[in-house]
Amino acid sequence: MLQILRRKAQSTFIQSLVVIIALVFIFWGVGTNMMGSREAAILVNDEEVSFQEFQQAYDRAYQRFSDQFGGNVPKGLAETLGIKQQVINQLIQTTLLRQGAEQMGIIISGEEIQAIIKEMVQFQNNGVFSLEQYKTVLASNRLAPSKFEASMRYDKLSETAAREIGNFVTVATDFEIRDIFSQTNKTVSLNYLTISPSSFSDTIETNNEILSDWLETVKEQYKTEPQLQLKYLAFTYDSVGKKIEVDRAEIEKYYQANLSSYRTGEQRHARHILLTADENSPATLHSEKSVKAAEILSLARGGENFIELAEKYSEGPSRDAGGDLGFFTRGSMVPAFDAAVFAMKSGEISEIIKTRFGYHIILLEEIKPQSTQELTEVQDSIITLLQRKAAESIAFQMANNAYEGIIGAGSLDKYTSENPAAEIIATSFFPRSNPPETLSNDPAFIDKAFALNKGELSSLIKGQSGYAILYAEDIIEPALPVFADVKDRLQKDYIKKKSAEMANTTAKELLSEVRSGKELKTVAAEHDIEIKESGYLSQKEPDKNGSFPAELLSQVFLLSPASPFPEEPGQVGDDYYIYGFTDSNIPELPSKSDEIEQLKNNLIRFKQQQLLSAWLMHQEKNATITKHQSL
């Protein structure tokens, strides 16, 4: 082997291999140890962020991103979206926050860390902290308690620093609140015209000469699809798996080994009324929400309908559903909420429960006890799973043997004559848009099929559903259309295109007229177009009649008496809109309301975030930050 490597040392393959090996060693710290020095992924003011910390943070970020898209996102795609740089920025900012906390003299005591750990559900048994479970979980993740608690302290330092910096902002001025309230609650009324391409369809002239001339300019759009005639062998996991017999003992063994996956923990069905107040909310708001929650609790326990109370008073996202949270298992909710629900009896209404989201009143509707599916209920799915697992290796062996047989025979036809039992499938001509069923389930098979030349045999193709060997028997190349064959389609497309062009031109002309000083009513009358009144439109509640499109509201609220018309016609779908400002209304700012409190809290949080961002930018600008060259 050494001699081969020496002889091939100048080859691109060997050079690439050496680079890959070197990167692996360097990334995981082997290379740096060999060089006698310990390198960090990132240095922030001489404080190291290790490659291990970077990799763990990257894996967590990738997993969160992947979960948002159903858990099936290639890392290459994630990287093009800047996941790595986001992780680097996050680690730098977290380190700067921790360093800032130490400079501020913030200290996180051991008692605070213990309290946080005791609230973590992964260390609880039946809702109560278990020291034994704590040690077991850490040991299974190869973490010593001291190291884990140190990392918790670091995280808490960063979190506390961010909160303390944000706490410098505690006030939203009346002017700021009034301005935001005005922007949010302003309403505008319009007069508008709708110009639809359909109103021009009957005016479009068509004949064979017009359509024939137009076809010459767009004929590429009307080319026929390429069509392919195949002979192929398919070794799908499903087809191979169905031929595999699964032993009863194997089924029972799998069932027992995976019993936990067939067990459903106790589930509880609850509703709640939530009055929001988070940890950044002022004490006055907490006091107000607590008093309000007590009043609602009194109503609920006094016999008033809980669903109606939730629809009226709850500030959570489940409000419209009467506070319905559906069924959930232990550990699904925040600890305080979870503990309360799983200590209640069916039909019971809780005391006021405080969490980081605010104040909850809970109604426990139903308890579904723990259950385990019997083997008879899941036997078919287990058989299918075991067949599929066995088929994955068997399908490859079968496909590989067939491929070697074809190559050895010299052609697919000769292999077929020598192996009459081979299941060769022959197709008629088909386009990519309508492939045979076996191939249509696997994009890899289709892509490879339409990449073949006439008379070409594919390699052994691995797809999502199994393996295939394809032979392109014949190909019909795309052809330019014959006028008679596409005339009807051509006429329809031509009318649609010309109608859209006329609608666009008309809309621009009419807008130009009104922007030049003509009244919209006059323009509408001259062109026999119905003028409509929108009524008062709100960005919070678009046109209730649904006639004026919500997609144009952002432009509508830029209009004013001094500038009553937009610069361009509005377009939604195929239709164009010419609209003009007629009036606006800004309601008076109420002296006190839930909306004002919410605006005030949101504004304070926004200003706190701005201050924190500015602080971080300043710290980063003045920090000494070094990234490893491999990043």
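Every residue, every condition in (1) surrounded by 17 or more Cβ atoms within 10 Å (Cβ to Cβ); (2) modelled with pLDDT under 95; (3) farther than 21 Å from Asn401 by Cα, yes or no:
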residue: Pro420; (1), (2), (3): no, yes, no
residue: Pro435; (1), (2), (3): yes, yes, yes
residue: Ser440; (1), (2), (3): no, yes, yes
residue: Pro443; (1), (2), (3): no, yes, yes
residue: Gly463; (1), (2), (3): yes, yes, no
residue: Tyr471; (1), (2), (3): yes, no, no
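I'm checking my understanding of the structure. Among residues of the range 272-314 that are closer than 23 Å to Val171 by Cα and charged (D, E, K, R), which one is nearest to the chain's Cα centre (by Cα)? Here the residue is Asp278. Contact map, the range 199-211: first residue assigned to a helix (DSSP H, G or I), second residue modelled with pLDDT of 95 or more and among the β-branched types (Val, Ile, Thr), Cβ cut-off under 6 Å, separation 6 or more or different chains; pairs are Ser201/Ile495. Do we have Ala503 as at pLDDT 90 or above and part of a helix (DSSP H, G or I) here? Judged against the criteria, Ala503 is a match.
Which ones in the range 101-114 are at pLDDT 85 or above and surrounded by 17 or more Cβ atoms within 10 Å (Cβ to Cβ)? Ile113 - this is the single residue of the range 101-114 that is at pLDDT 85 or above and surrounded by 17 or more Cβ atoms within 10 Å (Cβ to Cβ). Any idea which residue in the range 333-371 is nearest to His269 (Cα to Cα), counting only those that are surrounded by 12 or more Cβ atoms within 10 Å (Cβ to Cβ) and among the hydroxyl-bearing types (Ser, Thr, Tyr)? So the residue we want is Ser350.
Determine whether the range 340-353 contains at least one residue that is modelled with pLDDT of 90 or more and at positive phi. The answer is yes; a qualifying residue exists. Please work out which residue is modelled with the lowest pLDDT, limiting yourself to the range 578-605 and to residues that are part of a strand (DSSP E or B) and not β-branched (Val, Ile, Thr). Within the range 578-605, the match that is modelled with the lowest pLDDT is Asn585. Would a scan of the range 154-168 turn up a residue that is more than 25 Å from Asn622 (Cα to Cα), in a helix (DSSP H, G or I), not charged (D, E, K, R) and not assigned by TED's automatic domain parsing to the domain that holds Asp338? Looking through the range 154-168, none of the residues is more than 25 Å from Asn622 (Cα to Cα), in a helix (DSSP H, G or I), not charged (D, E, K, R) and not assigned by TED's automatic domain parsing to the domain that holds Asp338.
Within the range 445-461, restricting attention to residues that are in contact (Cβ under 8 Å) with a residue 12 or more places away in the chain and out of contact with any Phe, Trp or Tyr (no Cβ under 9 Å at 6 or more places or on another chain), which residue is surrounded by the most Cβ atoms within 10 Å (Cβ to Cβ)? So the residue we want is Ile446. Filtered by the rule that a residue be in a loop (DSSP other than H, G, I, E, B) and crowded, with 16+ Cβ neighbours inside 10 Å, the range 315-329 gives Glu315, Gly316, Ser318, Gly322, Gly323. As a summary of the residue check, Phe396 satisfies the conditions (1) of a type outside the set (S, T, N, Q); (2) surrounded by 12 or more Cβ atoms within 10 Å (Cβ to Cβ); (3) touching a residue at least 40 places away in the same chain (Cβ under 8 Å); (4) touching an Asp or Glu at 6+ places or on another chain (Cβ under 7 Å) except for the one numbered (4). So in the range 212-224, with the set limited to residues that are surrounded by 12 or more Cβ atoms within 10 Å (Cβ to Cβ) and among the charged types (D, E, K, R), which one is farthest from the chain's Cα centre (by Cα)? Filtering the range 212-224 for residues that are surrounded by 12 or more Cβ atoms within 10 Å (Cβ to Cβ) and among the charged types (D, E, K, R), the one farthest from the chain's Cα centre (by Cα) comes out as Lys219.
Looking only at the range 225-270, filter to residues that are surrounded by fewer than 15 Cβ atoms within 10 Å (Cβ to Cβ) and within 23 Å of Phe450 (Cβ to Cβ); which one of those is modelled with the lowest pLDDT? For the range 225-270, the residue satisfying everything is Glu225.
Selection of the range 115-143 for residues being in a loop (DSSP other than H, G, I, E, B) and either surrounded by 11 or more Cβ atoms within 10 Å (Cβ to Cβ) or in the same structural domain as Ala343 (by TED's automatic domain parsing) (or both) yields Glu119, Met120, Gly127, Ser130, Leu143. What pairs can you find where one residue is in the range 102-114 and in a loop (DSSP other than H, G, I, E, B), the other is surrounded by 12 or more Cβ atoms within 10 Å (Cβ to Cβ), and their Cβ atoms are less than 6 Å apart, with a gap of 6+ or different chains? Pairs that qualify, where the first residue is in a loop (DSSP other than H, G, I, E, B) and the partner is surrounded by 12 or more Cβ atoms within 10 Å (Cβ to Cβ), are Ile106/Thr160; Ile108/Arg153; Ile108/Lys156; Ile108/Leu157. In the range 271-314, the residue that is modelled with the lowest pLDDT out of those that are surrounded by fewer than 15 Cβ atoms within 10 Å (Cβ to Cβ) and small (Gly, Ala, Ser) is Ala283.
Of the candidates Lys498, Lys521, the single residue that is surrounded by fewer than 14 Cβ atoms within 10 Å (Cβ to Cβ) and in the same structural domain as Glu568 (by TED's automatic domain parsing) is Lys521.
Looking only at the range 227-274, residues that are without any contact (Cβ under 8 Å) to a residue 12 or more places away in the chain and either in contact with a strand residue (DSSP E or B) (Cβ under 6 Å, 6 or more places away or on another chain) or assigned to a helix (DSSP H, G or I) (or both) come to 7 in all.
The values are calculated or read from the model by the stated rules, or taken from the named source; none is laboratory data. Computed from a predicted model, the values in this text were never measured in an experiment. Positions of Cβ are backbone-derived with ideal geometry, glycine not excepted, and every protein chain shown enters the neighbour counts.
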